[in-house]
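A.B. asks: So that we are looking at the same thing, I have put the structure below in structure tokens.
The values are calculated or read from the model by the stated rules, or taken from the named source; none is laboratory data. Since we're looking at a predicted model, the values are computed, not measured. No Cβ is skipped: glycine too gets one built from the backbone with ideal geometry, and neighbour counts run over all protein chains shown.
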Amino acid sequence: MSLANTHDPALERGRLCVVIATIVINVIAVFLLTFAPSSEWRTCAVLHFIDNCLLVGFTVVRRDALLERFLLFGVMVGFTELIGDAWLAITRACSIIPSAAAR
């Protein structure tokens, strides 16, 4: 099983630019959000949404098979982690996520 377009230099440059852009956006956003007292899980969700829009958009527009497989792998691992976290929270009767009443 080989990926047909992985050795295209223009595609590799574009992929690198998109990945570096997501890293730079996240570093700057996290630095700035340390000063925001209202930063919470919704802020993180928005940041991930922006990252995923950039990555999925690049994958669709450029038909990047390698990045498509990385994204699919990330989704599968993410759902597996959610299942594992839920199982641990139920079986250990604990959760490290603070409730809204604790604020």
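A.B. asks: When you go through Ile90, Ile96 one by one, which is the residue that is at pLDDT below 90 and part of a loop (DSSP other than H, G, I, E, B)?
C.D. replies: Ile96
A.B. asks: To continue, here is another question. I'm trying to understand the selection: among the residues of the range 70-85, which are more than 14 Å from the chain's Cα centre (by Cα) and surrounded by 11 or more Cβ atoms within 10 Å (Cβ to Cβ)?
C.D. replies: Across the range 70-85, the qualifying residue is only Asp85.
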